[in-house]
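Asker: Quick one: structure below, then a few questions.
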Amino acid sequence: MEESQVLNIKAGDALKDYGSVSPAGQQIASVPTVCIFILAVELCERLAFYTFTGTQEFFLEKTGYSLAQANALTTAMSTLCMAWAVLAGWVADVQLGRFRTIIIFGVIYSIGGLAATAAASPAWMSSGLYLLALLVLVPMGTAGIKSNISNFGADQYDMSDPEQVAAQEQFFQWFYMAINVGSAFAYGFLTTLGTNGGIGISKEYGYFAAYLLASACMAAAVLAFIAVRGRYRTSPLLQTSAMADVCQNLVHLVYCNLPLVAVLCGCSS
């Protein structure tokens, strides 16, 4: 009787946390329900990001920028996303933790998306607000998510359990699929909607509609992510970030090899 109760408890816990159980009443390798919200954030972030980058150059040309200027600003946005990611990783490691960092930068991202939507309104068409959104707010948001979301998903698994290790591998397969689905929907539908209109939306309102849909998806994903905040597993803050360790090792390497560095820089024969 006691053994049956134990098995029922295990089965109930597995159904609650993972959605299914093996015949023996043990958890099987699957993606925990809580990770669905993490995957949703990644999917919607990629959807919004590629919607913006896929239409940014055309929108800027429409507002009076030359092709060269529009291309330079689009490239600058991608560069800023990478630069901000370094800071966001450090903030998550030693200051806020991954969960709070994702929330804060996700909110910034959503605000940036809504600002870009407002700037694309035919009644306004503000290139200044648009550039504020796509050169400041959206790069900050995507950097904070990009540098932490996959690691935060990995944190949800207990690596001391072989079945959890297998489940984590499956999570990363779904994570990769979320990236592909988001980018495919952005490039396959929203960018076309933005530049040409469609499904009953005129070309004049194309950018506004595309940005509104992308921003709404992003905001909804962030709100859903916050709604289940009590169910996530979080890791303690680090004393020093991985980036700080890398910089320290690089400085030490240069200091220990000053003659070689001088030769490489052409300062010594």
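Asker: Can you tell me how many residues within the range 36-74 are in contact (Cβ under 8 Å) with a residue 24 or more places away in the chain and outside any helix (DSSP H, G or I)?
Answerer: 3
Asker: Also, I was wondering about something else. Which one of these is touching a Gly at 6+ places or on another chain (Cβ under 8 Å) and either in the same structural domain as THR53 (by TED's automatic domain parsing) or without any contact (Cβ under 8 Å) to a residue 12 or more places away in the chain (or both): TYR207, TYR232?
Answerer: Testing whether each residue is touching a Gly at 6+ places or on another chain (Cβ under 8 Å) and either in the same structural domain as THR53 (by TED's automatic domain parsing) or without any contact (Cβ under 8 Å) to a residue 12 or more places away in the chain (or both) leaves just TYR207.
Asker: Can you confirm whether the range 143-157 contains a residue that is of a type in the set (Lys, Arg) and under 18 Å from PHE49 (Cβ atoms)?
Answerer: Checking the range 143-157: at least one residue is of a type in the set (Lys, Arg) and under 18 Å from PHE49 (Cβ atoms).
Asker: Within the range 188-234, track down each residue that is surrounded by fewer than 17 Cβ atoms within 10 Å (Cβ to Cβ) and closer than 10 Å to LEU47 by Cβ.
Answerer: Matches in the range 188-234: PHE189 only.
Asker: Which residues, taken from the range 151-163, are out of contact with any helix residue (DSSP H, G or I) (no Cβ under 8 Å at 6 or more places or on another chain) and in contact (Cβ under 8 Å) with a residue 40 or more places away in the chain?
Answerer: GLU163
Each row is one residue, and each column tells you yes or no for (1) closer than 27 Å to ALA70 by Cα; (2) surrounded by fewer than 17 Cβ atoms within 10 Å (Cβ to Cβ); (3) more than 15 Å from the chain's Cα centre (by Cα).
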{"position": "TRP124", "(1), (2), (3)": "yes, yes, yes"}
{"position": "THR142", "(1), (2), (3)": "yes, no, no"}
{"position": "PHE152", "(1), (2), (3)": "no, no, no"}
{"position": "ALA166", "(1), (2), (3)": "no, yes, yes"}
{"position": "GLU169", "(1), (2), (3)": "no, yes, yes"}
{"position": "MET177", "(1), (2), (3)": "no, yes, no"}
{"position": "PHE185", "(1), (2), (3)": "yes, no, yes"}
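The values are calculated or read from the model by the stated rules, or taken from the named source; none is laboratory data. What you see is a predicted model; the values in this text were computed from it and never measured. Cβ: placed from backbone, ideal geometry, glycine included. Neighbour counts: every protein chain shown.
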